[in-house]
């Protein structure tokens, strides 16, 4: 089992009043699944994704990632864990403006302490796979939104993670570009067995995946298997 | 509109309380230094402007034909006394002429038959003085003030100090110039003058009638002479007329002498005289540097300081730009013109500058007493005569600084394109960041330069203070009085006194007496110092070879000399028992001893090759030749010795107290100006470094804040604290490195120049450059890291939330 969530709760206490964001989330996600988390605004989708990505901590509950209890780990170990296993893709791309396409893609490898030669070859390889070799020296603001998101995904993949967490990856894109991105995710999932968890509003996007978690007011209302 | 802008400005400043405070405090420091200089300049400029009438007063200046400097005659403020009569008779519109001069010796005064004490600033003038200089009288009147030979006028301060509120007019005091030589004179106080509103070159406590001197062609008296005309004169015209009557007069005199005073006249030059406005006497002094020149380094330093604070200010404002972008966008959309935005931002700057000014003035007011004492000044911010001027200057200064520091940020901020800004994908603060880097770099250069400078200056001064001066100034007093044999024998018998000696090459007095000496058929003009038999032992001179003068060798008072190390070197070494001749070979003297160089003038100049010759005086009766009595005593018995000495002196000379100084103090005084320079540079270094660091601190805060998003992304990509830490520090460290590279050669040249002013100096050390490098890098890292810490600790989720 890749991910095991047991009774995850998240709330903010304000003047004695607890406002819940997540309640009693218990689920597990297997290697090779393509999960879409859906739900209206404020349902807690992003928070759940952040918890999965170890960017936020739940108030209560247990989280096992590849058999390790994440919440008992110290920060350094946790960073090591997600550095080597998790790739993030954001709605607003979050590329570093001052870096070129190639440099943006290379960034996570730097933090994994990978040798210069290998970094170069991996970056070249992924640029080739995404047909972006010609754009390697451009800056993010010289690219269209779709292209920027491609760079974002390339950056997530270059470190060869076991799972990709994507927060509304097509939220800022036009539909044609959105379809391209979703096709890419689907291919990654089916051909390379990449585990993907995405947060999305779109039924169409969700349709590319293998499973949908419907969230409402912090609770999993529905767990639909599409296969 | 203005009111609204003001309100918004205040709210904005309040919102960024910490940065506003830093901004204002930094600028206040820079301003305080600058205002101090401003006050000083005002003070110097105000010299002798205490009455409108003074515009009509001129000083008579004469070309000095008798002592040429490198073949050139110099103008002097003293002129032949006979010129006064000549001017009065020969020039039109002359109201009055006078002369006034300060006594050279200490003068002792006795008031109401109480004990005698020394006073300084005793001036002598003739009866026309008050016709030329319109002093206001508190008691007495100008017409009757200096009419008689024994009339005395005193200053308001002096009167208050010694007579209280009693009107002193009519009182008789005794003034004694120097024991035995000048008789004690009784003076009647005829007037008290009010202190002029501005400083004056005649800063007198007491003004007395100058003795009437008979002028002849053989007896010339050169004194400062002043003329008052009935109206302001055209300088060129009046000088031409004066020259016309002066030239034949002087030429006739020179002819009578049958001696042309110098080569100078042979080259076709003429004797000359001129009138200079009284105001220029202080502004353009003749034989010394004027105040502006002396002030230049300080003006430079304080301008640098102000520059640093202005840079801080600009940086902070432009760095804030990001957080103001949205406001600018919205304002523009709602119809604000660019000009109105610029006005608003300038108003904000002006507000801060004004606060800084007030704080700066308060700061200065707090430190002014200390500064006045350090530099022996009497500056004050709210001086009656200058308050209006100062306020105007300060308003001007604030306006200037507002424009300097505000115009760029205002233009920069107001240039934002509203649709870009409001869309939210506004490129954060990239614009103007190059300028910011350049400005901070400049600050770093200044700070590093100061740091290296102060290290080198300190080590040079330490070197001088610890260098062996070749004699021991402790336990020696210098007595500026003639003593006869009886008196000096009595002093010698005081328990604890080791020597009563003569050595006129001491710290207090070292007239450069030279004579031609011949050795190896080579004639050289050498520095000559007269001592008595114990004169060298008394100052603790260090014998290298041979012996000191002593009583056992009869020939010592005429046929032997002692020379210093420098002279031995000049003559090629091993001079013991060699013979030197002088007076065209008529006198032959033997070198009996070689001593270490005695550095009585400190270490700025090389000690000259010197011959010491002994005389048989035990002590000297001469007063004018700089023969000085030194009394060396056992320091443990200092109290006893001084008490006994005073007692003996009082019996011998009741109206003229003992006047002496400790040679050790005098020697230390040689280093005072250097020490003061060091203190000043130290102060400026401290301020500039801390201002730069304040600037860096707040800039780092803003930059870090701006890069929040980038930091968050990097963290999500797996960067750990260490990576982020280095990432954020890197830029500043490179900048500091660059600043070191730029500052080193600059400061090297500057310090080299400064060191060249010392004959005895340290080698240019490498150490301060290294220290500065290490310290600057460490301090930068530390300053930035305090800010970076927060960024490192922040949760990336907060920064990456999509709005």
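Numerical summary
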item	result
Helices (runs of 4 or more DSSP H) within the range B:1-118 that include 1 or more residues buried (at least 19 other Cβ atoms within 10 Å of the Cβ) and out of contact with any helix residue (DSSP H, G or I) (no Cβ under 6 Å at 6 or more places or on another chain)	B:17-45, B:83-90
Test: residue in the range B:48-55 that is without any contact (Cβ under 8 Å) to a residue 24 or more places away in the chain and over 30 Å from residue B:297 (Cα atoms)	yes
Complete set of residues in the range B:196-220 that are closer than 14 Å to residue B:98 by Cα and in a loop (DSSP other than H, G, I, E, B)	B:202, B:210, B:211, B:212, B:213
Test: residue B:574 is more than 44 Å from the chain's Cα centre (by Cα) and either without any contact (Cβ under 8 Å) to a residue 24 or more places away in the chain or farther than 27 Å from residue B:670 by Cα (or both)	no
Selected residue (only one of A:76, A:83 is over 17 Å from the mean Cα position of the chain (by Cα) and within 14 Å of chain B (Cβ to nearest Cβ))	A:76
Selected residue [surrounded by fewer than 18 Cβ atoms within 10 Å (Cβ to Cβ) and within 29 Å of the chain's Cα centre (by Cα)] from B:280, B:302, B:323	B:280
Given (1) farther than 25 Å from residue B:22 by Cα; (2) not in a loop (DSSP other than H, G, I, E, B), number of the condition residue B:689 does not satisfy	(1)
The range A:98-107, residues that are in contact with a helix residue (DSSP H, G or I) (Cβ under 6 Å, 6 or more places away or on another chain) and within 11 Å of chain B (Cβ to nearest Cβ)	A:104, A:105, A:106
Subset tally (residues that are without any contact (Cβ under 8 Å) to a residue 60 or more places away in the chain and out of contact with any helix residue (DSSP H, G or I) (no Cβ under 7 Å at 6 or more places or on another chain)) for the range A:4-25	13
Filter result (surrounded by 12 or more Cβ atoms within 10 Å (Cβ to Cβ), out of contact with any helix residue (DSSP H, G or I) (no Cβ under 7 Å at 6 or more places or on another chain) and not in a helix (DSSP H, G or I)) within the range A:116-150	A:139
Residue B:513 vs. criteria surrounded by fewer than 17 Cβ atoms within 10 Å (Cβ to Cβ) and out of contact with any helix residue (DSSP H, G or I) (no Cβ under 8 Å at 6 or more places or on another chain)	yes
Test result for residue B:797, under 30 Å from residue A:49 (Cα atoms), within 14 Å of chain A (Cβ to nearest Cβ) and assigned to a helix (DSSP H, G or I)	yes
Some residue of the range B:659-672 being under 20 Å from residue B:459 (Cβ atoms), at pLDDT below 85, more than 14 Å from chain A (Cβ to nearest Cβ) and not in a helix (DSSP H, G or I)	yes
Test result for residue B:777, exposed (fewer than 15 other Cβ atoms within 10 Å of the Cβ), farther than 30 Å from residue A:88 by Cα, away from every other protein chain (no Cβ under 14 Å) and in contact with a helix residue (DSSP H, G or I) (Cβ under 7 Å, 6 or more places away or on another chain)	no
Some residue of the range B:567-587 being over 12 Å from residue B:517 (Cβ atoms), in contact with a strand residue (DSSP E or B) (Cβ under 7 Å, 6 or more places away or on another chain) and assigned to a helix (DSSP H, G or I)	yes
Close pairs (6 angstrom Cβ cut-off, 6 or more residues apart or separate chains): more than 12 Å from every other protein chain (Cβ to nearest Cβ) in the range A:40-58, surrounded by fewer than 19 Cβ atoms within 10 Å (Cβ to Cβ) anywhere	A:43/A:216
Residue in the range B:762-771 that is surrounded by fewer than 22 Cβ atoms within 10 Å (Cβ to Cβ), within 14 Å of another protein chain (Cβ to nearest Cβ) and in a helix (DSSP H, G or I) present	no
Criterion (surrounded by 22 or more Cβ atoms within 10 Å (Cβ to Cβ) and free of Cβ contacts under 8 Å to residues at least 12 places away in the same chain) met by exactly one of B:717, B:691, B:686, B:696	B:717
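The values are calculated or read from the model by the stated rules, or taken from the named source; none is laboratory data. All values derive from a computational prediction rather than experimental measurement. Note that we place each Cβ from the backbone using ideal geometry, even for glycine, and neighbour counts take in every protein chain shown.
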